[in-house]
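What follows is a set of notes on a single structure, which appears directly below.
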Amino acid sequence: MKTIKIAIAGAGNIGRALLDAIYEQADAFEQKHGVRLRVTGVCNSRGGLLDSAGLSPKKIAEQSAFTPGLAGRNFVQQVDADILVEAGPSDYVTGEPGLSYADAAIARGLHVIFISKGAMLLHGTQLLERARKQGVAIKYRCATASGLPAIDLLERAFANATIEKIEGVLTGTTSFILDKMQSQRCSLTEALTEAQALGMTEPDPTNDLNGKDTACKLLIIANAVFRTQLTLADMSVSGIESVSTENIATACAEGKTPRLIGSVTRTTNGINAAVQLQYLENTDTLARLNARDKALRISTREFGETILAGGSSSRDATIAAAMEDLAQIVRL
């Protein structure tokens, strides 16, 4: 039976959760896909651990066993692997450390799965082209709203369609906050506190609130689908930080629901992208989402309007999305 060797760059909460999933689901994965999964390398920013025969969960848990300095390109150049999973932090300014990991992996002929967003946000078009020339795959569902299979739908079902517009809710945290403000008549601070208590936000929720998280996901999708190279500087981005209880009360009285909407539109002058708070009619599908869900409304010349909704915001959804990316590479 074929064995697929996996290296994981990033041993934080998500990286460790993915490791747990790989070990826990190994037998089921083998039965379903006919391949055996083997983790042969793990690293963090300080060092790494390698074993071509496979690393056990116990060995990975022993941080003292990590070799200092075995990280970054050094790690990728030495690990015996078929797939690199990049699960480090997202840097929206440099794209590091994901960019260096991906560069080194593609050069070696490794497939890449991105969980972080930075590298795909800033260099997605170039990375996808390099991977195509090298004959390897890049999967990045986790960087574009995890539980929502947006990229899968756009790249497969609409591969030959003329996409005119994509809009949607890509950050479930903002919908949760806005819905709490609407249903409980509480302040944004109170709703945010509840979201944090439920573990729905990053330790620093700024990027959720100011629209940047939505913008980054939208740009990754837009650049991949429209083959553009848009940056954050090319789009108008605003968030929900200034929404008040009075704004919410007015929306309720008018039969509307607030949602943070990201949109990208094909125009005669090029591709326009924006993120802004909108007050939607209560009958709108995007207004009727469950608080934690995400959604995309895709308008094409050939098929009209298609709506993809669901994909709750959670760590479990992120891990499941990474496992699905892994399965897709295995099926290549």
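The values are calculated or read from the model by the stated rules, or taken from the named source; none is laboratory data. In this text, all values refer to a predicted model and were calculated from it rather than measured experimentally. Ideal geometry is used to build each Cβ from the backbone, glycine not excepted, and the neighbour counts take in all protein chains shown. Surface areas here come from the heavy atoms of the whole protein model, side chains and all, with no ligands, DNA or RNA. Shrake-Rupley method; radii C 1.70, N 1.55, O 1.52, S 1.80 Å.
With the contact rule set at Cα under 8 Å and sequence spacing of 6 or more, what percent relative contact order holds for the chain?
Working: 671 pairs, mean separation 56.8, N = 332.
It comes to 17 percent, rounded to a whole number.
Taking a cut-off of 29 Å between Cα atoms, list the lysines near K58, but don't count ones fewer than 8 places away on the same chain.
Within reach: K2, K5, K32, K139.
For helix 188-197, report the angle its Cα long axis makes with the longest principal axis of the Cα atoms of the chain; keep it between 0 and 90° and round to the nearest 10°.
It works out to around 30 degrees.
How big is the accessible area of M1 in square angstrom, nearest 10, if you roll a 1.4 angstrom probe over the protein chains?
Probe radius 1.4 Å; accessible area of M1 about 130 Å².
Tell me, what is the 1.4 Å probe accessible area of H33, in Å² to the nearest 10?
Only protein atoms counted, so the area is about 50 Å².
Please turn the phi angles of segment 74-82 into ³J(HN,Hα) values with the Karplus equation 6.51 cos²θ - 1.76 cosθ + 1.60 (θ = phi - 60°), one per residue in order, whole Hz, x for glycine and proline.
Running phi through 6.51 cos²θ - 1.76 cosθ + 1.60 with θ = phi - 60° gives 4, 5, 5, 5, 9, 6, 8, 8, 9 Hz.
Per residue and in cubic angstrom, what volume does the convex hull of the Cα atoms of segment 63-125 have?
Working: hull volume 5.7 nm³, N = 63.
For segment 63-125, the hull spanned by Cα atoms encloses 90 Å³ per residue.
Starting from the residue with the highest accessible area, list R108, R38, R46, R315 in decreasing order, probe 1.4 Å. All intermediate terms of the calculation are to be shown ahead of the outcome.
Details: R108 105, R38 70, R46 160, R315 130 Å².
Result of the area sort, largest leading: R46, R315, R108, R38.
Please identify, among L209, L232, L84, the residue showing maximal mean-square fluctuation in a Gaussian network model of the chain using a 10 angstrom Cα cutoff.
Highest fluctuation of the listed residues: L232.
For the chain, set up a Gaussian network in which alpha carbons nearer than 10 Å are linked by springs, and say which option among A107, A28, A273 fluctuates the most.
Maximum fluctuation in the GNM of the chain, among the listed residues, is at A28.
Just the number, please: carbon plus sulfur as a percent of the accessible area of the chain, 1.4 Å probe, no ligands or DNA/RNA counted.
Numbers: 6620 of 14540 Å².
So the carbon and sulfur contribution to the accessible surface is 46 percent.
Hey, if we sort Y279, Y140 by accessible area with the 1.4 Å probe, largest down, what's the order?
Details: Y279 85, Y140 5 Å².
Largest to smallest exposure gives the sequence Y279, Y140.
Restricting to DSSP loop positions (anything but H, G, I, E, B) with no more than 15 other Cβ atoms inside 10 Å of their own Cβ, which trypsin sites (Lys or Arg not before Pro) remain in segment 198-289?
Working: sites: K212, K217, R227, K256, R259, R266, R288; in loops: R227, R288.
In loop regions of segment 198-289 (DSSP not H, G, I, E or B), the sparsely surrounded trypsin sites (Lys or Arg not before Pro) are R227, R288.
Between the helical axis of 212-226 and the dominant principal axis of the chain, each derived from Cα atoms, what acute angle in degrees is found, rounded to the nearest 10?
Rounded to the nearest ten degrees, it is 70.
What percent of all Cα-Cα pairs in segment 23-109 falls in each 5 Å bin, counting up from 0?
Whole-percent P(r) values from 0 Å outward: 3, 13, 21, 23, 18, 14, 7, 1, 0.
Could you compute how much accessible surface S242 exposes when probed at 1.4 Å, giving the result in Å² to the nearest 10?
Estimated to the nearest 10 Å², S242 gives 100 Å².
Taking the chain as a Gaussian network, where each spring joins two C-alpha atoms under 10 Å apart, which residue of G255, G48, G239 fluctuates the most?
Result for the chain, Cα springs under 10 Å: G255 fluctuates most.
Give or take rounding to whole Å, what are the principal axis extents of the alpha carbon atoms in the chain, in descending order?
64, 44, 38
Tell me which residues come under 5 Å, amide H to amide H, from I8 once H is placed; ignore anything under 5 positions away on its chain.
Amide H neighbours of I8, under 5 Å, 5+ apart: G41, V42, C43, V85.
How would you classify segment 111-164 from its alpha-carbon gyration tensor, with a ≥ b ≥ c the square roots of the eigenvalues: rounded for a/c under 1.5, else prolate if a/b is greater than b/c, otherwise oblate?
On the way: a/c = 1.72, a/b = 1.19, b/c = 1.44.
Verdict is oblate for segment 111-164.
How large is the accessible surface per residue of the chain, computed with a 1.4 Å probe and reported in Å² as a whole number? Walk me through the numbers before you get to the answer.
Numbers: 14540 Å² over 332 residues.
Solvent-accessible surface per residue comes out at 44 Å².
If we restrict to alpha carbons, what Rg and Dmax does segment 94-246 come to, in Å?
17.3, 56
Could you state the angle between the C-alpha long axis of helix 315-330 and the longest principal axis of the C-alpha atoms of the chain, as a value from 0 to 90 degrees rounded to the nearest 10?
50 degrees
Looking at the square roots a ≥ b ≥ c of the eigenvalues of the Cα gyration tensor of segment 281-332, which shape do they give, rounded for a/c under 1.5, prolate if a/b is larger than b/c, or oblate?
On the way: a/c = 5.84, a/b = 1.41, b/c = 4.15.
Here segment 281-332 falls in the oblate category.
Can you pull a Stokes-Einstein diffusion coefficient for segment 132-187 at 37 °C (0.692 mPa s), Rh from Kirkwood over Cα pairs, as a whole number of µm²/s? Mind showing how you got there, number by number?
Values: Rh = 14.3 Å.
Roughly 230 µm²/s, to the nearest whole number.
Determine the distance separating the Cα centre of segment 32-52 from the Cα centre of segment 97-168; give it in Å without decimals.
Going from one Cα centre to the other spans 21 Å.
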